[in-house]
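The values are calculated or read from the model by the stated rules, or taken from the named source; none is laboratory data. Since we're looking at a predicted model, the values are computed, not measured. Backbone-built Cβ (ideal geometry, glycine too); neighbour counts: all protein chains shown.
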Amino acid sequence: MSSSYDYLFKVVVLGEGAVGKTAIVTRFSHGFFRTDYRTTIGSQFAVKNLEIATDSGRLTVKLQIWDVAGQSRFQILRPMYYRGSSGGLLVYDVTRRRTFIVLDEWLAELKKAVGKTIPLVLVANKTDLPDRVVTPEEGRAYAEKHGMPYVESSAKTGEGILDVFEQLAKILVEARHGPG
């Protein structure tokens, strides 16, 4: 892979512990899924180039992805990982309603640390599991209310993972230069 790119963005992946943030980042950056994830301590970091199509042609976007610890005991550390972020993924687990209910708290924490609202994609993760409790309609309504795209994903099957990052990359490029 060429090391050249048209844009470089720092993005954060945030949400409650065990919603699949690390699995999403690993699936996207390394192409596989593991069943034995450990709690993220502080943050983990991945870099990946992504080609996106725009009205003016194809662009290479380099994403620096910061996978931030979701457990409350790491709350004091998170703001330093958020700073300088251009955008991010707000992730919840469709099988655990609490992870959806607390999304506003994550948005507030991020906004306080960054000092402004940044583009986000709402990610409804673990859609491969049979015991879903948060409906697609609820997720779409939340995303619409907050002006963000809504994407369903399964880090386990890989479904929706590329779409999540492509949508975020396109939003970030548009935010920098306008559509196209």
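Taking the conditions exactly as written (in contact (Cβ under 8 Å) with a residue 12 or more places away in the chain, surrounded by 18 or more Cβ atoms within 10 Å (Cβ to Cβ) and part of a loop (DSSP other than H, G, I, E, B)), does residue 173 satisfy them or not? I'd like the intermediate steps shown before the answer.
Details: in contact (Cβ under 8 Å) with a residue 12 or more places away in the chain: yes; surrounded by 18 or more Cβ atoms within 10 Å (Cβ to Cβ): yes; part of a loop (DSSP other than H, G, I, E, B): no.
When the stated conditions are applied, residue 173 does not pass them.
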**Prompt:** Just for the range 113-130: of the residues that are at pLDDT 95 or above and among the polar types (S, T, N, Q), which one is surrounded by the fewest Cβ atoms within 10 Å (Cβ to Cβ)?
**Reply:** 127
**Prompt:** Any chance the range 134-149 includes a residue that's of a type in the set (Ser, Thr, Tyr), surrounded by 15 or more Cβ atoms within 10 Å (Cβ to Cβ) and out of contact with any helix residue (DSSP H, G or I) (no Cβ under 8 Å at 6 or more places or on another chain)?
**Reply:** no
**Asked** Out of curiosity, is residue 88 farther than 26 Å from residue 156 by Cα and small (Gly, Ala, Ser)?
**Response** no
**Near pairs, Cβ below 8 angstrom, 6+ apart or cross-chain, from the range 61-82 (in a strand (DSSP E or B)) to any residue that is of a type in the set (D, E, K, R) and at pLDDT below 90** = 68/78
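Take residue 98 and tell me if it is in a helix (DSSP H, G or I), among the charged types (D, E, K, R), over 26 Å from residue 32 (Cβ atoms) and touching a residue at least 12 places away in the same chain (Cβ under 8 Å).
Numbers: in a helix (DSSP H, G or I): yes; among the charged types (D, E, K, R): yes; over 26 Å from residue 32 (Cβ atoms): yes; touching a residue at least 12 places away in the same chain (Cβ under 8 Å): yes.
Spelling it out, residue 98 is indeed in a helix (DSSP H, G or I), among the charged types (D, E, K, R), over 26 Å from residue 32 (Cβ atoms) and touching a residue at least 12 places away in the same chain (Cβ under 8 Å).
A quick yes/no check of all residues on (1) exposed (fewer than 13 other Cβ atoms within 10 Å of the Cβ); (2) in a loop (DSSP other than H, G, I, E, B); (3) without any contact (Cβ under 8 Å) to a residue 12 or more places away in the chain; (4) of a type in the set (Asp, Glu):
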| position | (1), (2), (3), (4) |
| --- | --- |
| 85 | no, yes, no, no |
| 107 | no, no, no, no |
| 111 | no, no, yes, no |
| 132 | no, yes, no, no |
| 156 | no, yes, no, no |
| 162 | no, no, no, no |
| 168 | no, no, no, no |
**Prompt:** If we keep just the residues of the range 131-146 that are farther than 16 Å from residue 96 by Cα and of a type in the set (Lys, Arg), which is nearest to the chain's Cα centre (by Cα)?
**Reply:** 140
**Subset of the range 139-154 [without any contact (Cβ under 8 Å) to a residue 24 or more places away in the chain and either assigned to a helix (DSSP H, G or I) or touching a strand residue (DSSP E or B) at 6+ places or on another chain (Cβ under 7 Å) (or both)]** = 140, 141, 143, 144, 145
**Item:** Given (1) outside any helix (DSSP H, G or I); (2) within 23 Å of residue 4 (Cα to Cα), number of the condition residue 89 does not satisfy
**Value:** (2)
